[in-house]
Each structure stands twice: as C-alpha cells, then as structure tokens.
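Data block below; observations after.
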Amino acid sequence: MKKYLALIPAAAIILLAACGGNDNNKPLPPEAADQAPSEGKALFSANCAICHSMKQDKTGPALEGVMMRWHDDTTKIKSFIRNSQAFIATGDPYATDLYNRWSQAGMNAFPNLSDHELDAIVDYIRKGD
C-alpha cells in the first residue's frame, strides 16, 4: 500500500503535464472552440441585440451583409461601434450616409468595450447567427 501512495505525486505531475497544467492562455483547439460559448454572441446579446438583429431592421439596421457594406474594414466598423458620433464626425461617406438614412438617430457609444471584445463582436457578426 505504501508503494502505491508514493506513486500518487508522480502520477499527479504526469497528469498535469499531459493536460497542459494550468495554462489558461493556451488557445483552444478548433473542436473545443466550437463547443465553447461564443464570446461574441454573448457580447452582441448584451450590447447590440436590443437595437440590431441579423435579418431584420429594428431600432438600428439589420446586420446581415454589414461586413460587405463596410468593405470588410474592421478598423472602421470597430471605431463606429465604439463611438458612432465621433466616427461620423470624421466625414466617412458610408457612416454619414448611414446616419442620414436612419433619420440621424445616433447609436449608443460603447467606450467600455475593449479591442478584444470588439473583435469578438465583429467576428460574430461576420459569421452570422
């Protein structure tokens, strides 16, 4: 019995090494990422879904095809999401046209969203629901 008890620490070390230890910064393998809840979907639901859906206009426009309308320029899209009024003030033609087509109704600003969170939202929108 004592022989087996001595093996427990060694077995724990081997198990931790085989599982990657406690390294939470490792990316998930693709199959695990597909099973994990979508951060982008959660962020979209919490911040965007009250005004936007993918298929139909709500308070704001439907987002299906939005990447094509912005010519897949994620920098502009993220700037618009973070603070649409500041981005419109740059004179961007598409943003200005969008603002005018929606009766100059301003979108809420989201200065609290990190670049990572904006990337997750844009990736979610790009893939659709």
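Meeting the requirement of 1 or more residues that are of a type outside the set (Val, Ile, Thr) and under 23 Å from residue 112 (Cβ atoms), the helices (runs of 4 or more DSSP H) wholly within the stretch 57-101 are 74-82, 84-88, 93-101. Of 79, 114, all but one fail to be at pLDDT 95 or above, crowded, with 17+ Cβ neighbours inside 10 Å and polar (S, T, N, Q); the exception is 79. Every condition in (1) assigned to a helix (DSSP H, G or I); (2) in contact with a Gly (Cβ under 7 Å, 6 or more places away or on another chain) holds for residue 107 except the one numbered (1). For the stretch 121-129, state whether one or more residues are surrounded by fewer than 16 Cβ atoms within 10 Å (Cβ to Cβ), touching an Asp or Glu at 6+ places or on another chain (Cβ under 8 Å) and on the phi > 0 side of the Ramachandran plot. Yes, because at least one residue in the stretch 121-129 is surrounded by fewer than 16 Cβ atoms within 10 Å (Cβ to Cβ), touching an Asp or Glu at 6+ places or on another chain (Cβ under 8 Å) and on the phi > 0 side of the Ramachandran plot. Among the residues of the stretch 82-107, the one identified as among the polar types (S, T, N, Q), under 25 Å from residue 42 (Cα atoms) and loosely packed, with under 14 Cβ neighbours inside 10 Å is 85. As for the stretch 51-60, it holds no residue that is acidic (Asp, Glu) and within 18 Å of residue 38 (Cβ to Cβ).
I'd like to check something: does the stretch 96-112 contain any residue that is aromatic (Phe, Trp, Tyr) and out of contact with any helix residue (DSSP H, G or I) (no Cβ under 7 Å at 6 or more places or on another chain)? Within the stretch 96-112, one or more residues are aromatic (Phe, Trp, Tyr) and out of contact with any helix residue (DSSP H, G or I) (no Cβ under 7 Å at 6 or more places or on another chain).
The values are calculated or read from the model by the stated rules, or taken from the named source; none is laboratory data. Everything numeric in this text was worked out from a predicted model, so none of it was measured. Neighbour counts are summed over all protein chains in view; Cβ atoms, including those assigned to glycine, are modelled from backbone coordinates with ideal geometry.
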